[in-house]
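Colleague: My structure is below; once you've seen it, I'll send some questions.
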Amino acid sequence: MKKSSNPSCITGAMRSCFTLIELLVVIAIIAILAAMLMPALQMARAKAQAISCASNIGQFAKVIMQYASDHGDWVPPKKDGPRISTCAHSFWAGNLVKQETTPAGYFAPYVHAYTTRSISDFGLITSSGTYMKFACPAQTPLTQGTSKYTLGTNNETIKDMVGVFLPKLKYPSRNFLLMDSKSSYIDLSWKSTASEADNCPWPIHSDGCNIMMLDGHVEYRKMAAIPDIYNYNARNEKSFWEYGPSY
Ligand SMILES: [Zn+2]
C-alpha cells in the first residue's frame, strides 16, 4: 500500500486516518448539505412562528367572542366613551386587557387567569409592568417597553365609540377585526403610506399576515390577497374592511 503523505498517519494493513484531500472533500460535502438544508430549516421555523401566532390570535378571538356572548353579541368599541377621559382605553388590542386601570379593560376578567400565571402563556408581554401587548412570535427579539404593537385592529370597523353588534354583520367571516401590524390599528390610509409601521398590515410571515375575522376564525393571507381599499374589484372585498348594514 502506498504510504500516506500525512506524517501523522500510521501505515499498515489499513489506513487509520484521512488525507488532507479526503478531509477537505468531506468538509465540502457537509457544507453543501448544510447550505441545502438551511433554507428548508428557516422555512420550517417561519412556518412554526406563523402557526404559533395564529394560535395566539385564536386565543384572543376566543376571549373576544366570549365577551360578546356575555354582552348581548356586542364586541366592545375601540374607544369607550366616558372612560376615554380617565384612562387610556383607546388602543384596543393592548389596553383592553389592562387590569391596572380603574375600571379595568373590557377583557381583563377573561385573561386574568392567564396573566396571574404567566403573561407569555397568552402571547402577551409586559411593558414596565404597566401595559400588556400582544406580541407576534416572529418578532425577534420580542420588543418590550416600547410603543410598538404587533396586532392592529380594523379602524374602519371599530373606530367609533359604539362597538360592533355581531348579528348586524352580513359577512362576519370576511370582515377582519385583528391583523399582524406594527400599529395599534389599520385604516384606509395604509396603501398610501410609505412605511409599513404606519397603520399597515405587517407582512411578517412570509410576506403575509395572520388575520382574525369577526366570526372568530383566524386565517393567513399573503399581502397580495388583502383587499386594496382604493381599488375594490368585488363586493366581498369591501366587506373585508367595512362594517355596516349595506355590506
Ligand atoms: Zn404574527
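Every read-out reported here was derived from the displayed coordinates using simple, explicitly stated rules and does not represent laboratory data. Remember, it's a predicted structure, so these values are computed and weren't measured experimentally. FYI the Cβ positions are ideal-geometry reconstructions off the backbone, even for glycines, and counts take in every protein chain you see.
Colleague: Starting from the Cα-Cα distance between His217 and His71, subtract it from 0.36 nm times their residue separation and give me the gain in nm to one decimal. Before the final figure, lay out each step's value.
Modeller: Working: separation 146, 0.36 × 146 = 52.56 nm, distance 1.95 nm.
Full-extension gain reported as 50.6 nm.
Colleague: Need one number: nm distance between label points at Glu237 and Ile32, each 7 Å from Cα along Cα→Cβ, rounded to one decimal.
Modeller: 4.7
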